[in-house]
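What follows is a set of notes on a single structure, which appears directly below.
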Amino acid sequence: MITLARWRLVHAQPKERTRPRLDARALYLRVLTWAFTLFNSVRVLAYAPTIWAIHASGDSSQHSLWTWITWAGANATMAAWLYEQNGQRPNRAIAVNIGNASMCLCTVALIIAYRFH
């Protein structure tokens, strides 16, 4: 015997499907991801004036080799950590950290070249 409640459940009209709205957290995460990508990509370019200044002056005495090696290592290990945490799949954050590590290593190379020539 079918009860009234069971009959209503079986014969109920399907609810109209609506497009899922972008909730506040998802919007925040999307904006945060693009802000991270933008500012850290610009940071890759921001190393250029320091590299140019060292090259133009031929003097790297004002730049700490230890600091630049630390920054290169921090960016490189962050890229590796993100790669592992992301299931060994590359993404924008990994690419940006590789770019930052590369620019730090260029600065390190220039400091060494002018300091120990």
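Enter the mean projected area of the convex hull around the alpha-carbon atoms of region 47-117, in nm², rounded to one decimal.
Answer in nm², one decimal: 4.7.
Once the piece of chain linking residue 61 and residue 92 is laid out straight, how much longer is it, given 0.36 nm per residue of separation minus the C-alpha distance between them?
Here the segment from residue 61 to residue 92 would lengthen by 7.7 nm.
Please work out the C-alpha center-to-center distance from region 63-81 to region 23-43 and express it in whole Å.
Result: 23 Å between the Cα centres.
Give the residue list of chymotrypsin sites (Phe, Trp or Tyr not before Pro) in region 24-117 that are DSSP loop and have at most 10 other beta-carbon atoms within 10 angstrom.
116
Relative contact order of region 47-117: what whole-number percent is it, with Cα pairs under 8 angstrom and at least 6 residues apart?
Result for region 47-117 is 48 percent.
We did not get these values from a lab; they are worked out from the coordinates using the rules stated. Owing to the predicted nature of the structure, the values given are computational and were not obtained by experimental measurement. Note that each Cβ is placed from the backbone with ideal geometry, even for glycine, and that neighbours are counted across all protein chains shown.
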